Amino acid sequence: MSSVRQWWIVLLALLLAGTARAEDLVIPGSGNPEYVLDQLARAFNARQAQHRIVIPPSTGTAGALRDVGEGISSVGRVGRLLKDEERKQGFVFISLGRDPVVIVGGAGVTVRSLSAAQLVDIYSGRITNWGELGGKAAPIRAVGRENSDASRQAIAKVIKPFQEITFGPGVKTVHLDPQLIALLDRYPSSLGMLNRSALAACTTRVVHLALDGVDPTPENLEKGSYPAWVELGLIHKPNGLTPAARAFLDFIRSPEGQRIVRQHGILPPGMAG
């Protein structure tokens, strides 16, 4: 056998081995970390060719728990810390950091701050027009979330009436973050609540409202003066991380990955006040 032919055989074997090692890793789950993880995945996929990370549309934290639990996916994305019963089922949580939950208005909202009491009155149906709050007169198109939603739970921790609130008849409840984002984009006088990094998916200008006079900035979250936030993370089962998952986690923890995380207003683990 000629040396040239031997060289080609060795090269073909190496190429086939590289193809066999390559992995498409799909990370299903919550909409809260969807946008920032998509940005991280794009950067990771651009810098190497061995693995490809895919961030599909949101199926909620419940979708991540289901798919990882059933072995459909090795890694899932979640918008909150794991509950005790979920840890007992063997799920492992990896924190991406804390993200402020923002009370957010559509592009036409001229109010810049809401008190906790005003927010409760809006969602209860007692306040229905921005003019009642000193803003440009327009009907408040409030968008609500179900009790299990991570952003609503974060608000309910600091505004106790939200734990038992009954939404007014004008409040539209949605189940997934992309549905909320679509309504914020569609209606200039809308109002909702969502973590700051996820709002980057909006295609129109949205207004981040101060809560009780405190702006929902990463700086205020780090100081401990802004009280509402979600802990974004990834979940997996013990010894369940694939080579692609390990490589992606290494990238997230790298200086480039942490720059992307901070750029989207998320405080890395251990940085919040």
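The values are calculated or read from the model by the stated rules, or taken from the named source; none is laboratory data. Because the structure is a prediction, the values reported are computed rather than measured. Here the Cβ is made from the backbone with ideal geometry for all residues, glycine too, and neighbour counts use every protein chain on show. The area values use the complete protein model at the heavy-atom level, side chains included, leaving out ligands, DNA and RNA. Shrake-Rupley method; radii C 1.70, N 1.55, O 1.52, S 1.80 Å.
Over the Cα atoms of the range 65-176, Rg to Rh with Kirkwood Rh, two decimal places? For the range 65-176, the value is 1.07. Measuring spread by the Cα atoms of the range 168-273 yields a radius of gyration and Dmax of 16.7, 50 Å. Highest mean first, the peptides 190-196, 237-243, 27-33, 113-119 sorted by other C-beta atoms within 10 Å per residue fall in the order 27-33, 190-196, 113-119, 237-243.
Compute the accessible area per residue over the chain, keeping the other protein chains in place, probe 1.4 Å, unit Å². Can you show the working numbers first?
On the way: 13100 Å² over 273 residues.
On a per-residue basis, the chain sits at 48 Å².
Taking the chain as a Gaussian network of alpha-carbon nodes connected by springs under 10 Å, the highest mean-square fluctuation of the residues His175, His208, His236 belongs to His175. For the chain, the longest principal axis of the alpha carbon atoms and the long axis of helix 3-21 meet at an angle near 30°. Debye-formula intensities of the range 28-105, expressed as log10 I(q)/I(0) at q = 0.20, 0.21, 0.23 Å⁻¹, are -0.95, -1.02, -1.15 (one equal scatterer per alpha-carbon, no solvent). Helix 177-186 and the long axis of the chain differ in direction by around 50°, with both axes built from C-alpha atoms. Summarising the overall dimensions of the chain from its C-alpha atoms, the Rg and Dmax are 21.8, 88 angstrom. Relative contact order for the range 125-273: 21 percent, from Cα pairs under 8 Å spaced at least 6 residues apart, divided by residue count. Reported value for the range 151-220: 112 Å³ per residue, from the convex hull of its C-alpha atoms. Can you give me the relative contact order of the chain as a percent, contacts being Cα pairs under 8 Å and 6 or more apart? With pairs under 8 Å counted, the relative contact order is 29 percent. For Leu81, the amide hydrogen comes within under 5 Å of the amide hydrogens of Glu231, counting only partners 5 or more places away or on other chains and with H modelled in the peptide plane. Taking packing as the residue-averaged number of other Cβ atoms within 10 angstrom, the listed peptides 35-46, 248-259, 91-102 run from highest to lowest as 91-102, 35-46, 248-259.
Remark on Gly144: its backbone amide H falls under 5 Å from those of Lys172, Thr173, Val174, a criterion applied only to residues 5 or more positions apart or on other chains, H modelled at 1.01 Å from N. Across the range 60-148, the relative contact order, built from alpha-carbon pairs under 8 Å that are at least six residues apart, equals 16 percent.
Against the chain, whose longest principal axis is taken from its Cα atoms, helix 34-47 shows a tilt of about 30°. Estimated purely from DSSP H runs of n ≥ 4, each contributing -39500 (n - 2.57), the mean residue ellipticity at 222 nm for the chain is -11000 deg cm²/dmol once divided by its residues.
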